[in-house]
Each structure stands twice: as C-alpha cells, then as structure tokens.
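The values are calculated or read from the model by the stated rules, or taken from the named source; none is laboratory data. Here the structure is a predicted model, which means the values were calculated and not measured. Positions of Cβ are generated from backbone atoms using ideal geometry, with glycine treated the same way; all protein chains shown enter the neighbour counts. The accessibility values were calculated without ligands, DNA or RNA, using every heavy atom of the protein model including side chains. Shrake-Rupley method; radii C 1.70, N 1.55, O 1.52, S 1.80 Å.
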Amino acid sequence: MCVIPPVERRSYKAAQALLDLPDYRIYVASAAGQKIAGFIAEWQLDGLLFLEHLAVQPALRGSGIGSNMVKRYLDHVDRPVVLEVEEPNSRLAARRIHFYQKLGFKLSDYGYVQPNMQPVNEEPVALKIMHYPDGMTEKEFLQFKKLVSERVYQPKKTGKNG
C-alpha cells in the first residue's frame, strides 16, 4: 500500500523521465528475499542535496532498513542535505519527523506548500523543511526554495505533467 497522497505522486511517465536528468539519482537497497527493499531518491542541487523520497517495502517497515539506508547515505554525502516533511499535525507526520531527528536532521521553522504533482482535486500539501547536519538560515532556505521550485517542481524541466 502506498502512503504517499495522490497530490504528491508523479505519473509513471514523469517519474521515468527523471531518470534521464543528470542531477537526479536513485539509490536502491536490497534485503534477503527482496529484489528491492527500499530506495532513496536524491536531487543534486547547487551546494546541497535534496532527499526527495525514502521508501521501504511495507513488509519491511520497522525493521531498521530505512534508518540504515539513511545512515549509509549520510556517511557519503559531501554537502548539506534537505528534505521535506508534512506539518506535524498527525501521528504519522510526527513519527516521520522524529525518525529523521534521530538520524541528525534538524526541523526548521521554514516551510512552503508543495505544488500538486498530479491534476487531482486535492489541497496542496503544507510542508516543513528538515536539514542535515546543521540548522538552516533564512537565506539558505530561500535559496533552497528557489532551487526546488525551478528544478524539482517545474513541470517544463521534469516532465511532471506527463
């Protein structure tokens, strides 16, 4: 079962098109009996890394695979890492924030509304930003917001409407 709301999902065609972009990468983890246990999707943006997705097979959640993937990922990064989380208005969102905080991410006061990834009649999602290894200044946040808007959420550049 996918827990990503439709408003936050790309179409298959749009997701496939991302694989041709030079600043987009996917790191895959495997586990015994599983071809793919989970993955991390990353955007290499100017001076930082945007961890767009962390996903683990539903049957393997809670087994430590996700935290081990993130720890291994962070051991090899050479610049700050930024990710988005939903506002802590639900138990699941609060658990997600706590998960990343245990791995060293800092929850910032900065956030924005994510544009719809699909043409669905749902409200856009309000997001907060988490940053690793240090907190984020307002100047850094504004630069990140500009980059993510232009390169990640810009339909013309990523084919999100495909």
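Using the beta-carbon distance between S11 and R95 and R0 = 35 Å, what value does 1/(1 + (r/R0)^6) give for FRET efficiency, to the nearest 0.05? Efficiency at R0 = 35 Å is approximately 0.80.
Beyond a 20 Å Cα-Cα separation, which of these cross-linked pairs lie in this structure: K106/K128; K106/K145; K13/K128; K71/K102? Kindly include the intermediate steps, with their values, before the conclusion.
Working: K106/K128 11 Å; K106/K145 17 Å; K13/K128 27 Å; K71/K102 10 Å.
Violating the 20 Å limit, Cα to Cα: K13/K128.
Highest mean first, how do 87-93, 135-141 rank when packing is the count of other Cβ atoms within 10 Å averaged over residues?
On the way: 87-93: 11.6, 135-141: 15.0.
Those peptides, ordered most packed to least, come out 135-141, 87-93.
With a cut-off of 10 Å between beta carbons, the residues surrounding Y112 carry a summed charge of +1, where Lys and Arg count +1 and Asp and Glu -1.
The modelled label-to-label distance between D20 and K35, using points 7 Å beyond Cα along the C-beta direction, is 2.4 nm. Note on segment 81-153: Cα-Cα pairs beyond 18 Å make up 41% of the total pair count.
Counting only protein heavy atoms and using a 1.4 Å probe, what share of the accessible area of segment 75-150 belongs to carbon plus sulfur, as a whole percent? Using a 1.4 Å probe with all protein chains present, segment 75-150 comes out at 48 percent carbon and sulfur.
Inter-label distance, K71 to K102: 1.1 nm, where each label sits 7 Å from its Cα along the C-beta direction.
Residue by residue, segment 140-150 carries 3J(HN,Hα) couplings of 5, 5, 4, 5, 4, 4, 5, 4, 5, 5, 6 Hz when phi is fed to the Karplus relation 6.51 cos²θ - 1.76 cosθ + 1.60 (θ = phi - 60°); x denotes Gly or Pro.
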